[in-house]
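Presented below is the structure to which this report refers.
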Amino acid sequence: MRVKAIIAYDGSAYLGFQKQTSTKNTITTAIETALKSLQIPSDIVGSGRTDAGVHASGQVIHFDLPEYWQDLEKLKLNLNRQLTDISFKHISKVSNDFHARFSATKRLYRYVFKTSKPSVFEQKYISYYSAFDSERLQVALKYFEGVHDFKYFHKTGSDPHSSTREVYKSLYKRRGSYHFIYLQSNGFLRAQVRLMVDAAMSYAQGELCLEALQKQLNVEEKIHTKLAPAQGLYLAHILYPRSNR
């Protein structure tokens with residue numbers, strides 16, 4: 001039986017989502033270890049990978065259960081008892097052709113930052129940027145909307161089949177002393193969101209011009225390569241066709 005699970009995790013406690021040969025301290029390894037302790041030998045598949053320090057409030061995974069595991073609430077309870085800094089929010093049965101990554105149609109990331117130094121209780125979960133022009137930030141973010149080749153907006157070393165993606169929504173909001181950037185796309189390349197956020201913030205702070213941003217989007221010249229700090233980034237929500245919800 002295939003199941004879909006919505007999970008949240010504190011990325012500061014792990015060295016990324018994906019399983020690695022050099023360390024066992026990853027989200028995937030922690031979950032698969034917990035599953036094996038419950039006599040569930042399945043690997044897990046995530047909707048996307050997150051880097052070290054990046055969090056999730058709505059990551060989606062799928063895995064396969066032996067037939068004797070029918071009580072999904074009990075399964076959630078047992079997993080949450082074993083895991084640290086990872087929480088199973090919901091587990092539901094899905095069709096056997098459901099795929100957490102390939103069935104997804106939209107992905108939403110949320111970036112959170114302050115313009116004052118985050119407190120010691122916030123510093124793992126909120127980034128810091130100095131003063132900026134919010135109107136300029138919104139202008140820069142709108143440049144990313146639509147279909148673009150993001151060849152110059154992903155981390156060196158990744159080799160995607162295609163670097164073309166469609167960004168459906170990019171917006172900025174402020175709530176009190178907290179600032180939020182939302183980016184929704186059909187998919188994101190490795191470190192793409194962090195590169196986009198820092199490029200937009202660089203324009204908002206007067207350090208990057210729109211011509212340079214447009215050149216990079218046109219794959220004419222790689223100008224901006226700095227990543228936004230990882231701790232402010234959250235994989236927030238994954239959308240699927242109604243048949244896969």
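Summary of computed values
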quantity	calculated
Cβ-based exposure ranking for L189, L210, L233, in which fewest neighbours within 10 Å come first	L210, L189, L233
Charge dipole magnitude, Cβ of K and R +1, D and E -1 - region 68-117, Cα centre, debye nearest 20	400 debye
Y143, Y178 arranged by Cβ crowding within 10 Å, fewest neighbours leading	Y178, Y143
Calculated from backbone phi, Karplus (6.51, -1.76, 1.60) coupling profile of region 125-137 in Hz, x at Gly/Pro	10, 9, 8, 10, 9, 6, 3, 8, 9, 5, 5, 5, 4
Neighbourhood net charge (10 Å Cβ-Cβ; Lys/Arg +1, Asp/Glu -1) for A8	-1
Point-charge dipole on Cβ atoms (K/R +1, D/E -1) for the chain, about Cα centre, debye to 20	460 debye
Kirkwood hydrodynamic radius (C-alpha pairs) into Stokes-Einstein, region 76-172, 10 °C and 1.306 mPa s, D in µm²/s	89 µm²/s
Burial ranking of peptide ranges 8-20, 45-57 (average Cβ count within 10 Å, highest at the top)	45-57, 8-20
Region 2-102 - charge dipole about Cα centre, Lys and Arg +1 at Cβ, Asp and Glu -1, debye rounded to 20	20 debye
Span from the region 56-85 Cα centroid across to the region 209-232 one, whole angstrom	39 Å
Furthest towards positive pole of dipole, L171, L213, V3, structure part the chain, Cβ charges	V3
Protection proxy ranking, peptides 124-137, 84-97, 195-208, 27-40, average beta carbon neighbours within 10 Å, highest first	195-208, 27-40, 124-137, 84-97
For the chain, share of DSSP beta bridges that run antiparallel, in % to the nearest 5	90 percent
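A short reminder: the numbers here are calculations on the coordinates, not readings from a lab. Everything numeric here is computed off the predicted structure, so don't read it as measured data. No Cβ is skipped: glycine too gets one built from the backbone with ideal geometry, and neighbour counts run over all protein chains shown.
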